[in-house]
Every structure is written in structure tokens, then in C-alpha cells.
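Engineer: Got a structure for you, written out below as C-alpha cells; questions coming shortly.
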Amino acid sequence: MTTTTALVLIGIGLVIIAGLAAYAYTLRQEVRRRQDFREEEERRARDNCLENLEMVASSLLQEQVDVTEGAWRCKVLLEILDPRLMERDTFRPFGEVHARTLHLHTHEARRALTPKERFKEDRERLAVEEELREAVLGAADAVLELKRNWPGSLH
């Protein structure tokens, strides 16, 4: 191999390496852009969930929503934020209402019940609500406190 051929091959190799390095750099930039986008989407979803949780808890405290519906909604939103939140004693009333009313019919299934069956389910739901009302309202207060103290929260 002549010196000229060797230099040409080295030059071609350097151009290929430079091209690959530039391509790797653009790929890394794209990965970073997508990661930033995903993190922003997650932040917005978390903030939206916190706002909805605050609205439901406030509605519960102002008696604008019944205890069962409010407890179910709070439970779901807390689980979306962090499933471990439902393990806290302060939020357990939401889970208890959910567990004790899970078998009750809703929507179309409720409409298909006879008036007597609906009345029976209503009595059962109201008994659960009466028994757990104070605990659920205390949990709603704890939700508002959680929202105030959430890292990055605007309040």
C-alpha cells in the first residue's frame, strides 16, 4: 500500500467517523428532547390531577357531592398520583367507602333495578355514608393539606 492510498483511506475513515459522531450527537439531542417532553407531560398530568383532587375534596367539604362519589373520586385520583398514598391512615376512609360500596349498581345497571332494589341499595349506601362521613371529611381535609404541601405546588 502506498502512502497516498493510506492517507486517502485514513481521510475517508476520519470523514466516516466524523459523520457517525455527528449522527450520534443528533440522536442524543433527540433523546433529550423527547425526555424533556415526557417529563413536561408528566408534570402537567400531575398538576391536573392535583387540581382535580383539590376540587373534589373541596366539594366534599362543602357538601356539593355525596360522600360515596367524592370518596371514590379521591381514591382514584390519589392512586393516579401515587398508589402508596392510599396506604396512609388519613386516606383509608376513601378506600373503605370504595370497598363497602363497590358492589352497588351504577348507571345502566342501576336503571335496570326494580324500585325496591334501588331503594335497598340507596339505604345501604346512605348507611355507609352516615357511618364514614366524618372520617371521609377528615380525609378530604388531609387531601387539601397534601395539595398545599405537594412539591412544586403553586399553593
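The values are calculated or read from the model by the stated rules, or taken from the named source; none is laboratory data. As the structure is a prediction and not an experimental result, all values here were calculated from the model. Using ideal geometry, Cβ is built from the backbone for each residue, glycine included, and neighbour counts are taken over all protein chains shown. For accessibility, only protein heavy atoms count, side chains too; no ligands or nucleic acids. Shrake-Rupley method; radii C 1.70, N 1.55, O 1.52, S 1.80 Å.
Engineer: So if R0 is 25 Å, what FRET efficiency would V31 and A6 give, r being the distance between their Cβ atoms, rounded to the nearest 0.05?
Structural biologist: It comes out at approximately 0.10.
Engineer: If you don't mind, there's one more thing I want to ask. Rounded to the nearest percent, how much of the accessible area of the chain (1.4 Å probe, protein heavy atoms only) is carbon and sulfur?
Structural biologist: With neighbouring chains kept in place, the figure for the chain is 58 percent.
Engineer: Could I ask something else about it? How would you classify the stretch 112-153 from its alpha-carbon gyration tensor, with a ≥ b ≥ c the square roots of the eigenvalues: rounded for a/c under 1.5, else prolate if a/b is greater than b/c, otherwise oblate?
Structural biologist: Since a/c reaches 1.5 but b/c is at least a/b, the shape of the stretch 112-153 is classed as oblate.
Engineer: To the nearest 20 debye, what charge dipole does the stretch 60-155 have about its Cα centre, counting +1 at the Cβ of each Lys and Arg and -1 at the Cβ of each Asp and Glu?
Structural biologist: Dipole magnitude for the stretch 60-155 comes out near 240 debye.
Engineer: Mind computing the radius of gyration and Dmax over the alpha-carbon atoms of the chain? Å is fine for both.
Structural biologist: My reading of the Cα-based Rg and Dmax gives 28.4, 100 Å.
Engineer: Continuing with this model, one more query. Per residue of the chain, what 222 nm ellipticity follows from adding -39500 (n - 2.57) for every DSSP H run with n ≥ 4, rounded to the nearest 500?
Structural biologist: -28500 deg cm²/dmol
Engineer: As an exercise, use a Förster radius of 30 Å and the Cβ-Cβ distance of R44 and Q64 to find the FRET efficiency, rounded to the nearest 0.05.
Structural biologist: 0.70
Engineer: Per-residue HN-Hα couplings for the stretch 25-42, Karplus 6.51 cos²θ - 1.76 cosθ + 1.60 at θ = phi - 60°, whole Hz, x for Gly and Pro?
Structural biologist: 5, 5, 5, 5, 5, 5, 4, 5, 4, 5, 5, 4, 4, 4, 5, 5, 5, 5
Engineer: So how far apart, in nm, are the two label points at L144 and A127 if each is 7 Å from Cα heading toward Cβ?
Structural biologist: 3.2
Engineer: Need the full-extension length gain, H105 to L14, defined as separation in residues times 0.36 nm minus the C-alpha distance. One decimal, nm.
Structural biologist: Residue separation times 0.36 nm, minus the Cα-Cα distance, leaves 25.6 nm.
Engineer: Would you mind calculating the relative contact order of the stretch 43-155 from Cα pairs under 8 angstrom and at least 6 residues apart, reporting the percent as a whole number?
Structural biologist: Value for the stretch 43-155: 33 percent.
Engineer: Report the net charge of residues surrounding A109, where surrounding means a beta-carbon distance below 13 angstrom and charges are Lys +1, Arg +1, Asp -1, Glu -1.
Structural biologist: 0
Engineer: Let me know the shape class of the stretch 65-155, please: from the alpha-carbon gyration tensor, a ≥ b ≥ c as square roots of the eigenvalues, rounded when a/c is under 1.5, otherwise prolate if a/b is greater than b/c, or oblate.
Structural biologist: In terms of gyration-tensor shape, prolate.
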